[in-house]
Amino acid sequence: MLKNYIKIAWRNIINNKVYSSLNILGLAAGMAVALLIALWVNYQYSFDKFVPNYKQLYEVRRNFNSNGDTLNFNTTSLKLAGVLRTIPEIEDVIVCDGSGPHGLKVGEKKLFPVGLEITSNFLKLFRYPFVSGNADAALKDPYSIVLTESTARALFGTVDAINKTVRVDNRDNLKVTAVLKDMAANSSMRFDYLIPFTYMEQTQPWVKRLRTGSFADNVFVICAVLKPGISYAQVAPKIKNLEKSETGNSNAMNSEVIMQPLADWHLYDYKNGHPTVGFIQYVRIFTIIGALVLLIAVINFINLSTARSEKRAREVGVRKAIGAQRKGLILQFLIESAVVTFISFLFSLLFVQLTLPAFNSLTGTVIAIPYGGFSFWLITITGVLLTALLAGSRPAFYLSSFSAAKVLKGTIQVGRSASISRKILVVAQFSCSIALIISTLVIYRQIQYAKDRPVGYQARQLMTASMNDDLIGNFMPLKNELLQSGLVESVTSASSPITGVTAHTNLDYWPGKYPGETVEMGLITTTGDYFETLGMKIKEGRDFINAHSDAHSVILNEAAVKRLRLKDPIDKFLKKDGKEYRIIGVVNDALMNSPFAAADPTVFAYGDGDNMLYRLSPGINPHQAIAKLSVIFNKYSPSYPYQYGFVDQDYAHKFSEEVLVGKLAGIFAALSIFISCLGLFGLAAFVAEKRTKEIGVRKVLGATITQVWMLLSTDFVVLVIISCVIASPAALYFLQSWLQKYDYRISIGPGVFIISALAAIALTLVTVSFQTLKAAFANPVKSLKSE
């Protein structure tokens, strides 16, 4: 019987090629989108899950109460690390410093990769796979280094790197004690080499001093490993108020210690002290989009199947007349649905396989279809069966309900009872598609709104370089030669790049400070010419002169003046770190962190920095200048490769997440519209075929082609207009919620809804016009001759 049902299903597919093709193509496209999104979502959730004991690994963070606002930081102190080791539920503590890359040199090969200074227990607890060496001895010697496989290959070629020497920062020789496999693409922690933390303590005395320092010395990242069977809920109360024991320190008194599990590092960020935001929101959004696109495809299947019910009515009547039971007919139609769904699934696999390279390039992921995975096939086959059941259930129950007597007598009017439900389904699928169009337009507008926002500095021709020890020691000679070369018109250095503030400070006092009030703000130390180089304007007071004159001077940005409620800030005094500083100037706000948020309150002090900023002279071609600049930089830093970046590109990178979401939303919105239009095309063909004689009569009575076209198109346009009315408020609700996370955001006006509606109506008319015009141009003699 099953074999017979499959034969009938195949015969129906072959005999109705147009409808079958529309069904299969639409369902395959929907399943491909759902599968692609499912693979992407699974990839996002897979981050760090390859670490064997990831459930027990946590990052230690701080919630800081800044006058009622809860700020979250992942930098902590060595003192806190020591105290955490005394907590019985904590098995071990890892201390990490990733403040900057080191220059690695072997012979004439020079690299400037990203690495970590880490305590020796790191590899025992994180258990990254080794190519050679082992966790016990890898970081035991202070003058040792662990390389990743690609870094070892870049430095030593195919020669075994173990026990070879690497020159670090042109200062010390470190012996390679282990080689790790390259970091997995789904790893939150990225590094090219590891250096023992004890190396920092021996070569940088300030690090060793911090072991007995203050809870306010927050410059390190700490990871804690809970003992087996211990949950974070058991530890949280014991660590929450650890820093508050340092009663003389307002920074520590206003801090609470928390932990973030390794499994959440990739997806969650903190807002108001809670992990409520981050990339997880986009993962959830696209999960919903995948389900909606698949639902749209299923609706197509249902509509096209029920629309063709008149063709199958006589078949059902005959089968019932010769003894077929309704449950047998239901099973037959469900098997037909399963056959179509399975064929669609095979095409969807093909579509996904063909689009994966472009998708991976767009999203920066490394996704592949896990053909060899049992769980993949179990989940996908289950999904295919559920899709087949969902897509085929209504046609199966509807078709099997026909009365044999009425069908064979010709008294049943097939299709009337289904027309209302069919229209409802069309409205449902177009509501989803139009909502996606609206979302895409709003996301695009929000990105453009932030991109067009004044940043407070001139990014054109502005370059940046992270300075190593050689460049820091030779900064003034390097600066002078760059200026004399004519390639550069201005040079400065700072403790932070212009596109991010890497240090914060807690002010102890300022005029008008309330009792117990705290404020945390960005801190940037800079040498002379900083504001001139960046193109930031001094609004009040003056710029820094030199270290002698301004060792105890600060400049505030406008946001800091507002935050501190200062009326006339010039020559006022404030205190930080127990020292008094005079305010000598106020500079305009600049967007150094998020382009979607207000400028952060920032205090500028005179001091050295390891970030060089230099502006190319007018008319200088950047590509030609790089080769000449490389010669100058290599003169003062022969042990390091010339590293450079463009500030405008760094700033543009801040939009990468939103741009990616916008592109994906646009692609999936286009696919949803395409699938919906496939269904409309099939329904238009069905309506035109069903009303052939009516059209012939109307043409004989004098109806024009335009009138016939409008007659057949109006019903579909009305359905799309209803869809617009339903989709607009639903999309508005969710988009307003999404926009709330941005301080700097657009307001959603009626224009976006009007544009989306007009686009949907235009696409509808284009889709149905082929069939309606074909029917309108048909010779009425042929359609009426049977009468």
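The values are calculated or read from the model by the stated rules, or taken from the named source; none is laboratory data. Only a predicted model underlies this, so the values are computations on that prediction, with no experimental measurement involved. Cβ sites come from the backbone with ideal geometry, for glycine too, and all protein chains shown count toward neighbours. Heads up: the accessible areas ignore ligands, DNA and RNA and are worked out on the full protein's heavy atoms, side chains in. Shrake-Rupley method; radii C 1.70, N 1.55, O 1.52, S 1.80 Å.
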* Structure fact -> Only one of I555, I583, I545, I570 is modelled with pLDDT under 90, among the aliphatic types (A, V, I, L, M) and farther than 30 Å from K110 by Cα, namely I545
* Structure fact -> A careful count of residues in region 571-596 that are in contact with a Phe, Trp or Tyr (Cβ under 8 Å, 6 or more places away or on another chain), part of a loop (DSSP other than H, G, I, E, B) and not hydrophobic (A, V, I, L, M, F, W, C) gives 2
* **Subset of region 493-539 (residues that are exposed (fewer than 15 other Cβ atoms within 10 Å of the Cβ) and small (G, A, S))** => G500, A503, G512, G516
* **strands (runs of 3 or more DSSP E) wholly inside region 171-277 that include at least 2 residues being farther than 19 Å from I118 by Cβ and open to solvent by 30 Å² or more (accessible area, probe 1.4 Å)** => 255-261, 269-271, 274-277
* Go through the residues of region 583-603 one by one and say whether even a single one is aromatic (F, W, Y), surrounded by 20 or more Cβ atoms within 10 Å (Cβ to Cβ), within 24 Å of N474 (Cβ to Cβ) and out of contact with any Leu (no Cβ under 7 Å at 6 or more places or on another chain). => no
* Asked: Considering only strands (runs of 3 or more DSSP E) fully contained in region 428-515, which possess at least 2 residues that are touching a residue at least 12 places away in the same chain (Cβ under 8 Å) and within 25 Å of D169 (Cβ to Cβ)?
  -> 462-466, 488-494
* Quick check: anything in region 604-622 outside any loop (DSSP other than H, G, I, E, B) and loosely packed, with under 14 Cβ neighbours inside 10 Å? -> yes
* What tally of residues in region 607-624 results from selecting those that are of a type in the set (G, A, S) and under 14 Å from A459 (Cα atoms)? -> 1
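For (1) closer than 20 Å to L678 by Cα; (2) of a type outside the set (D, E, K, R); (3) buried (at least 21 other Cβ atoms within 10 Å of the Cβ); (4) modelled with pLDDT of 80 or more, each residue gets a yes or a no:
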site	(1), (2), (3), (4)
I299	yes, yes, yes, yes
A307	yes, yes, yes, no
V316	no, yes, yes, no
F347	yes, yes, no, yes
F351	yes, yes, no, yes
* Quick one: count up the residues across region 321-338 that are at negative phi and either open to solvent by less than 30 Å² (accessible area, probe 1.4 Å) or in a loop (DSSP other than H, G, I, E, B) (or both). => 11
* Return the residue satisfying two criteria in turn: it lies in region 655-701 and is among the small types (G, A, S) and at pLDDT below 75, and of such residues it is farthest from F301 (Cα to Cα). => G696
* Structure fact -> In region 9-58, anything open to solvent by 50 Å² or more (accessible area, probe 1.4 Å), touching a residue at least 12 places away in the same chain (Cβ under 8 Å) and of a type outside the set (S, T, Y) is listed as W10, V18, L25, A38, K49, F50, P52, K55
* To do: State all residues of region 125-149 that are of a type in the set (K, R) and touching a strand residue (DSSP E or B) at 6+ places or on another chain (Cβ under 8 Å); if no residue qualifies, say none.
  => K140
* Residues of region 564-577 being open to solvent by 30 Å² or more (accessible area, probe 1.4 Å) and either touching a strand residue (DSSP E or B) at 6+ places or on another chain (Cβ under 7 Å) or of a type in the set (D, E) (or both), which ones? -> D568, I570, D571, K572, F573, K575, D577
* Structure fact -> Flagged in region 89-113 as touching a residue at least 60 places away in the same chain (Cβ under 8 Å), in a loop (DSSP other than H, G, I, E, B) and open to solvent by 10 Å² or more (accessible area, probe 1.4 Å), in numbering order, are E89, G98, S99, G100, P101, H102, F112, P113
* **Selected residue (only one of L763, L773 is open to solvent by 60 Å² or more (accessible area, probe 1.4 Å), assigned to a helix (DSSP H, G or I), touching a Cys at 6+ places or on another chain (Cβ under 7 Å) and in contact (Cβ under 8 Å) with a residue 60 or more places away in the chain)** => L763
* To do: Find the strands (runs of 3 or more DSSP E) located wholly in region 114-156 whose residues include 1 or more that are more than 28 Å from the chain's Cα centre (by Cα), crowded, with 20+ Cβ neighbours inside 10 Å and touching a residue at least 12 places away in the same chain (Cβ under 8 Å), and list them.
  => 115-118, 144-148
* Would you point out which residue out of T502, T526 is under 34 Å from the mean Cα position of the chain (by Cα) and at pLDDT below 90? => T502
* Using the structure shown, decide if S439 is modelled with pLDDT of 80 or more and under 30 Å from K741 (Cα atoms). => yes
